[in-house]
1. Among (1) buried (at least 19 other Cβ atoms within 10 Å of the Cβ); (2) more than 10 Å from the ligand (Cβ to nearest atom), where does Gly148 come up short?
2. Of the residues Pro69, Pro17, only one is more than 12 Å from the ligand (Cβ to nearest atom), surrounded by fewer than 18 Cβ atoms within 10 Å (Cβ to Cβ) and assigned to a loop (DSSP other than H, G, I, E, B); which?
3. Within region 127-145, track down each residue that is touching a residue at least 12 places away in the same chain (Cβ under 8 Å), farther than 19 Å from Leu102 by Cβ and within 11 Å of the ligand (Cβ to nearest atom).
4. Considering only region 80-88, I want to know if a residue exists there that is closer than 22 Å to Gly212 by Cβ, aromatic (Phe, Trp, Tyr) and near the ligand (Cβ under 10 Å from one of its atoms).
5. Which fully enclosed strands (runs of 3 or more DSSP E) of region 155-234 have 2 or more residues being modelled with pLDDT of 95 or more and of a type in the set (Ser, Thr, Tyr)?
6. Looking at (1) closer than 28 Å to Phe25 by Cα; (2) within 16 Å of the ligand (Cβ to nearest atom); (3) touching a Ser or Thr at 6+ places or on another chain (Cβ under 9 Å); (4) not charged (D, E, K, R), which one does Asn56 not meet, given that it meets all the others?
7. Tell me the residue from Ser24, Ser84, Ser5 that is of a type in the set (S, T, N, Q) and outside any strand (DSSP E or B), please.
Amino acid sequence: MAESSVVVCKSCKKPYPITAAIFSFGEDKDTKTWDSYWKRVPIYDEILDFLRKMMNLQLKRYLKKYVHPSEKTLEPGGGSAYVSAMLQEEGQEAFALDYAALPLKIARDTLKSKATLVQGDMFNMPFVNNSFDLTFNNSTLEHFSNPGDALKEMVRVTKPGKFVFVGVPFTYGPLAMYKLKKSSFKGAWDGKTYDRTGLKKLFKDAGLEIVGSRTFFFRCFVGVVGKKTEERQE
Ligand SMILES: C[S@@+](CC[C@H](N)C(=O)[O-])C[C@H]1O[C@@H](n2cnc3c(N)ncnc32)[C@H](O)[C@@H]1O
């Protein structure tokens, strides 16, 4: 692919750049906060990377139950998207979307991710309805004041009969201690957590049928898997 190229929207003809293999649907929104979240702090980030890799390995093993080889996956708000990189290596067609450019560059340059990397807004994704077999993220929805809208957008792009997974910090696990702090180390998380009931309610409100739930990574996170009902078309 060319170093700097464009894709053009078929209906509105608006051009979007592709720079060094990252498709950019960033519009003009300000992503500075999230870019600064991804700026690396020595030692702290090395430790965080190690923990992230361990956690994402666990998550990938769990998610593989819900996706077959060569099926399409999407990780919106995936940051550097470790899970997508692993899924792509293992035969899925993986897409990862994030608002901030920096984590996508980390994915491309440091992780050598072969997933399709897209810069865009997960509340308004540049994908047509019913595109993916598994749409998932972890550690993302707790940052939003309107997580239900993000989840509904995830449902929109998922195929009927296929799966959506969301993981968030667990109320009865170690991350709940963050609530005692005023803001997170990097200032991007106010410590919002979920219990199973709360997360399941979000799924039901988005019209998903619950098919599984679990805590993972030493009970730091709770995740729910939902199925988009067969008859549901957007
Ligand atoms: C806490 S990070 C989690 C990243 C990844 N899931 C992980 O566990 O490493 C949250 C991510 O959501 C992204 N994000 C925030 N708002 C977004 C939006 N509207 N659209 C897409 N990504 C967004 C941020 O850029 C950030 O990379």
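1. The one condition Gly148 does not meet is (1).
2. The conditions single out Pro69.
3. Let us first name the residues in region 127-145 that are touching a residue at least 12 places away in the same chain (Cβ under 8 Å), namely 127-143.
Within this subset, residues satisfying the condition of being farther than 19 Å from Leu102 by Cβ are 127-136, 141-142.
Across region 127-145, the qualifying residues are Phe136, Leu141, Glu142.
4. Yes - at least one qualifying residue is present in region 80-88.
5. Details: elements: 158-169, 208-216, 221-228.
Qualifying strands (runs of 3 or more DSSP E): 208-216.
6. Of the numbered conditions (1) closer than 28 Å to Phe25 by Cα; (2) within 16 Å of the ligand (Cβ to nearest atom); (3) touching a Ser or Thr at 6+ places or on another chain (Cβ under 9 Å); (4) not charged (D, E, K, R), the odd one out for Asn56 is (3).
7. On the way: Ser24 fails: outside any strand (DSSP E or B); Ser5 fails: outside any strand (DSSP E or B).
From the options Ser24, Ser84, Ser5, the qualifying one is Ser84.
So that you can scan it fast, the table gives a plain yes or no per residue for (1) surrounded by fewer than 17 Cβ atoms within 10 Å (Cβ to Cβ); (2) out of contact with any Pro (no Cβ under 7 Å at 6 or more places or on another chain); (3) over 19 Å from Phe144 (Cα atoms):
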position: Thr197; (1), (2), (3): yes, yes, no
position: Leu202; (1), (2), (3): no, no, no
position: Leu208; (1), (2), (3): no, yes, yes
position: Val211; (1), (2), (3): yes, yes, yes
position: Phe218; (1), (2), (3): yes, no, yes
position: Val222; (1), (2), (3): no, yes, no
position: Glu230; (1), (2), (3): yes, no, yes
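The values are calculated or read from the model by the stated rules, or taken from the named source; none is laboratory data. Everything quoted here is computed from the prediction, not taken from an experiment. Don't worry about glycine lacking a Cβ; one is built from the backbone with ideal geometry, like all the others, and counts go over all protein chains shown.
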